[in-house]
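Student: I'd like to ask you about the structure that follows.
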Amino acid sequence: MWKYRNSWQVKLAAFVAALLCAPILQAQTSAPAAAAPSAAATSGAGRAEGAQARVHVPDLSGDWTIAAGGRSLDPDDPNGNKPEQLPMTAWGREQLKNAKPPFGAAETFDTNDPVQKFCDPPGPTRLYQYPWQFTLVQTPTRVYVLFEYLHVWRVVTMNHPHAKDLDATWLGDSVGKYEDDALVVDTIGFNDKTWLDNSGHPHSDALHLVERFQRPSHDSLQLALTVDDPKAYTKPFTAMRTFKLSAFPMGETMCSLSEDQEFQKSVMDQTLGSQPAKK
């Protein structure tokens with residue numbers, strides 16, 4: 001009987017000892033902890049996400065449509081009644097003189113507007129003047145601006161400098177950051193093939209554009225557009241735009257050269273041909 005009891009106690013003691021030693025054995029035999037990420041692994045997207053985590057990121061989401069606005073970026077003449085009053089250089093005035101815009105004081109059906117005549121992209125400042133919607137898609141490393149008109153989209157790289165040796169493009173190279181409650185977008189690297197607005201104000205390949213998006217209320221979005229172009233204007237100026245939150249989804253609005261040519265032939269040419277000759 002004593003031998004049986006003693007055997008049972010020995011087994012119990014061995015079981016308890018095994019339980020006590022298990023954590024130590026597991027710690028000794030488990031895989032080593034993962035190494036800290038290298039400096040290279042924390043660069044790029046990691047820096048952008050870290051920078052964004054330290055600042056307030058305003059919610060700018062929604063489908064936005066233009067509110068009552070003007071045809072010109074001139075802050076003192078939004079309807080384009082006096083297009084020549086912006087502080088232009090001699091080159092800028094010559095370009096404006098040659099423009100035949102479809103809107104403003106010099107509006108004409110016989111336009112040389114590169115959008116209407118060739119279906120060229122309007123450029124970022126003019127895209128905000130059309131009565132179609134756009135939306136902003138915010139991610140930690142990029143902000144995308146998607147336009148209903150022509151289905152044009154822009155990429156804004158967050159918390160990065162501009163690339164060096166940029167090629168001139170229709171929409172330029174855009175980088176962005178958040179300041180307080182605003183998204184600030186800095187764009188350079190434009191070509192000179194677009195107009196600033198529907199009144200025909202020009203810009204050069206030296207254009208430096210700064211956009212500041214703010215959402216003062218749930219249903220409104222404000223945009224300050226600062227134009228700095230020393231080839232075309234003698235000093236920078238800032239135009240304001242206001243957009244309303246839309247309840248309708250974006251649709252398809254394309255530029256079709258064949259449709260434009262048919263409209264020109266059946267409507268515009270007929271209208272121009274029916275006008276009395278000027279004496």
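Student: At 0.36 nm per residue, minus the direct Cα-Cα distance, what do LEU245 and GLN264 gain on full extension? Give it in nm, one decimal, please.
Tutor: 3.5 nm
Student: A further question on this structure: What is the sum of charges around ASP74, taking Lys and Arg as +1, Asp and Glu as -1, for the other residues whose C-beta is under 12 Å from the C-beta of ASP74?
Tutor: -2
Student: Assuming 0.36 nm per residue, please report the length gained on full extension of the stretch VAL137 to ASN79 beyond their Cα-Cα distance.
Tutor: Gain on stretching VAL137 to ASN79: 17.8 nm.
Student: On to the next question. Go ahead and run the numbers for FRET between ARG54 and THR271, Cβ-Cβ distance against an R0 of 41 Å, rounding to 0.05.
Tutor: It comes to 0.10.
Student: Say R0 is 25 Å: what FRET efficiency, to the nearest 0.05, do HIS160 and THR238 get from their beta-carbon distance?
Tutor: E between HIS160 and THR238, to the nearest 0.05, is 0.55.
Student: Here's a follow-up. In what sequence, highest mean first, do 244-251, 172-179 appear when ranked by Cβ atoms within 10 angstrom?
Tutor: 172-179, 244-251
Student: While we're here: If the cut-off is 18 Å between C-alpha atoms, which aspartates and glutamates fall inside it for LYS265, apart from same-chain ones fewer than 8 positions away?
Tutor: Partners found: ASP110, ASP113.
Student: A follow-up question, please. Given points 7 Å out from each Cα along the Cα-Cβ axis, report the TRP153 to GLN222 separation in nanometres with one decimal.
Tutor: Each label point lies 7 Å from its Cα, and together they span 3.0 nm.
Student: Can you pick out the pairs among LYS97/LYS231; LYS164/LYS244; LYS82/LYS177; LYS97/LYS235; LYS117/LYS231 whose Cα atoms lie more than 27 Å from each other?
Tutor: LYS164/LYS244; LYS82/LYS177
Student: Right, here's the next one. Compute the label zone of ALA105 within the stretch 187-216: residues whose backbone N is under 14 Å from the point 7 Å along Cα-to-Cβ.
Tutor: 199-201
None of the figures in this text is laboratory data; all of them are computed from the coordinates on show. What you see is a predicted model; the values in this text were computed from it and never measured. A quick note on method: Cβ atoms are made from the backbone with ideal geometry, for glycine too, and the neighbour counts reach across all protein chains shown.
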